[in-house]
1. Go from 0 up to the bin containing the longest alpha carbon distance in the chain, width 5 Å each, and give me the % of pairs per bin.
2. Using DSSP, restrict attention to beta bridges with both residues in the chain and report what percent are antiparallel, rounded to the nearest 5.
3. Could you count how many Lys pairs in the range 55-157 have their Cα atoms under 21 Å apart, skipping same-chain pairs fewer than 8 positions apart?
4. Would you calculate the separation in nanometres between label points at residue 130 and residue 41, each defined as 7 Å from the Cα along the Cα-to-beta-carbon direction?
5. In degrees, nearest 10, range 0 to 90: what is the angle between the Cα axis of helix 63-75 and the longest Cα principal axis of the chain?
6. I want to make sure I understand the PRE zone here: with the label point 7 angstrom from the Cα of residue 236 toward its beta carbon, which residues in the range 180-215 have backbone N atoms less than 15 Å away?
7. Tell me, in nm to one decimal, what length is gained between residue 211 and residue 277 on full extension, where the rule is 0.36 nm per residue of separation less the Cα-Cα distance?
8. Grab the Cα-Cα distance for residue 142 and residue 243, subtract it from 0.36 nm times how many residues apart they are, and report the gain in nm with one decimal.
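The values are calculated or read from the model by the stated rules, or taken from the named source; none is laboratory data. As the structure is a prediction and not an experimental result, all values here were calculated from the model. Here the Cβ positions follow ideal geometry from the backbone for every residue, glycine too, while neighbour counts run over all protein chains shown. Accessible surface areas use protein heavy atoms only, side chains included; no ligands, DNA or RNA. Shrake-Rupley method; radii C 1.70, N 1.55, O 1.52, S 1.80 Å.
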Amino acid sequence: MNKTGKLYLCATPIGNLEDITLRVLRTLKEVDLIAAEDTRNSIKLLNHFDIKTPMTSYHEYNKIDKGHVLVEKMLAGTDIALITDAGTPGISDPGEELAAMCYEAGIEVTSLPGPAACITALTMSGLPTRRFCFEAFLPAEKSDKKERQRILEELKKETRTMIVYEAPHHLVATLEDLYGALGNRKITICRELTKKFESAFQTTFEEALAHYETEEPKGECVIVIAGKPVEEIREEEIRAWEEMPIEEHMEHYLSQGMNKKEAMKAVAKDRGISKRDVYQQLL
């Protein structure tokens with residue numbers, strides 16, 4: 001009986017070839033097959049490090065059919081390394097689908113750490129790193145406008161630092177949409193990460209849009225955006241409750257099964273006032 005193969009998610013450089021790890025190099029040489037997002041791009045990497053392992057394509061447009069083929073190979077004992085054009089497989093590419101298919105088939109999956117543009121940009125942005133969310137590329141403005149607007153609406157109250165990818169020819173439109181949805185936040189635009197002309201432009205949406213009126217955006221970009229201050233959200237919530245008559249506010253909680261004492265406590269918390277104040281206003 002054949003031993004089941006294994007899937008290795010191998011992070012590759014996002015620009016500087018020196019960022020590849022020794023473990024990834026060894027794995028790429030030892031596996032039976034390398035599944036690459038674009039074999040024409042990846043052959044340059046393999047040739048540079050004198051890696052002779054056979055390659056096959058696995059990308060967004062063949063991920064289902066080819067995924068089944070790769071799973072069958074692993075079930076038959078083939079060890080496969082998955083690489084993307086740049087960075088860590090599964091981040092903004094179909095690697096996540098192949099990993100899920102492997103788990104469903106009982107195939108072991110491991111990830112070999114290495115470069116990821118989102119983490120690289122976050123750590124060099126100068127913005128808070130303790131809590132963050134990754135949005136990758138926003139849905140296309142023309143083909144999926146409703147989904148794009150839905151996500152922008154969700155981000156309005158996001159308190160964590162946000163990370164968005166964007167291509168240079170779409171950068172201005174995306175900055176305009178983000179500015180319209182989020183207001184004039186502090187941002188850092190990181191471009192050409194790990195490459196010769198790498199830069200981190202700490203600015204605001206307003207300043208960035210003014211800058212790109214005269215400067216053409218160049219290079220792949222990662223936009224790191226400051227989250228909304230928790231204090232602002234709290235103030236907005238209090239204002240929203242204050243616009244509601246206090247009797248209606250009380251009824252909101254009473255209708256949920258709270259007794260009068262519990263409802264008054266909840267109303268006081270919502271409005272940032274004391275229970276005594278709630279009582280007085282209800283008289």
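1. For the chain, the pair-distance distribution reads 1, 5, 10, 12, 12, 11, 10, 9, 8, 6, 5, 4, 3, 2, 1, 0, 0.
2. Given both bridge residues lie in the chain, the antiparallel proportion sits at roughly 45 percent.
3. Final tally of qualifying lysine pairs is 5.
4. Between residue 130 and residue 41, the label points sit 3.6 nm apart.
5. It is inclined by approximately 60 degrees.
6. 180-186
7. 18.7 nm
8. Taking residue 142 through residue 243 to full extension adds about 32.6 nm, to one decimal.
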